[in-house]
Amino acid sequence: MPAATLSIPPSVEHVRTARLVAAAAARRAGLDEETVADVRLAVGEAVARAVLRHGAAELSDHVDVVVREDGHGFEVEVHDRSDAALLDEDDGVALALVRALVPELRTHGEVVTLAWPTGTSA
């Protein structure tokens with residue numbers, strides 16, 4: 001069950017909201033402050049990437065962010081409605097930064113999932 005679901009307009013002004021919600025949820029899930037800082041930065045990069053891709057594709061559709069915590073892990077999904085084939089140098093840099101901050105990064109079409117184990121993992 002999601003801890004939070006956001007649907008934000010594709011503008012950079014709303015990236016901060018996604019970062020703050022994800023960081024608060026990570027803290028509530030019991031992640032340590034260093035990991036919370038990684039969550040904040042990684043989510044900011046992933047959401048900014050989606051916002052920029054929406055702009056490049058001239059989409060006004062919202063970017064959806066789903067935050068989950070199930071006792072075994074903490075996940076953030078960023079749903080990007082732009083074309084999955086729309087890649088450029090900035091896109092690669094953003095994903096490289098996210099990959100450096102996240103223990104598990106999955107991409108499936110237009111969905112990027114960032115995952116961290118929680119302290120209650122077996």
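A short reminder: the numbers here are calculations on the coordinates, not readings from a lab. All of these numbers come straight from a predicted model, not from anything done at the bench. Methodologically, a virtual Cβ is constructed for each residue, glycine included, from the backbone with ideal geometry; neighbour enumeration extends over all protein chains shown.
Worth a mention:
- Each Lys and Arg contributes +1 and each Asp and Glu -1, all at the Cβ; summed about the Cα centre of the chain, the dipole is approximately 340 debye.
- Around T35: net Lys/Arg minus Asp/Glu count, Cβ-Cβ under 15 Å: -3
- Cα-based helix-to-principal-axis angle, 89-101 vs the chain, degrees rounded to 10: 0
- Model label points for A4 and A115, set 7 angstrom from Cα along the Cα-to-Cβ axis, are 2.1 nm apart.
- Ranking H79, A50, T17 by Cα position along the charge dipole of the chain, where only Lys, Arg, Asp and Glu carry charges on their C-beta atoms, puts T17 farthest toward the positive end.
- Residues whose amide H lies under 5 Å from that of F74, counting only those 5 or more places away or on a different chain, are W116, T118; hydrogens are built 1.01 Å from N in the peptide plane.
- Tilt relative to the chain, helix 15-28 - C-alpha long axis, 0 to 90 degrees, to 10: 20
- Surrounding net charge for R68, when Lys and Arg each add one and Asp and Glu each subtract one, Cβ distance under 14 Å: -4
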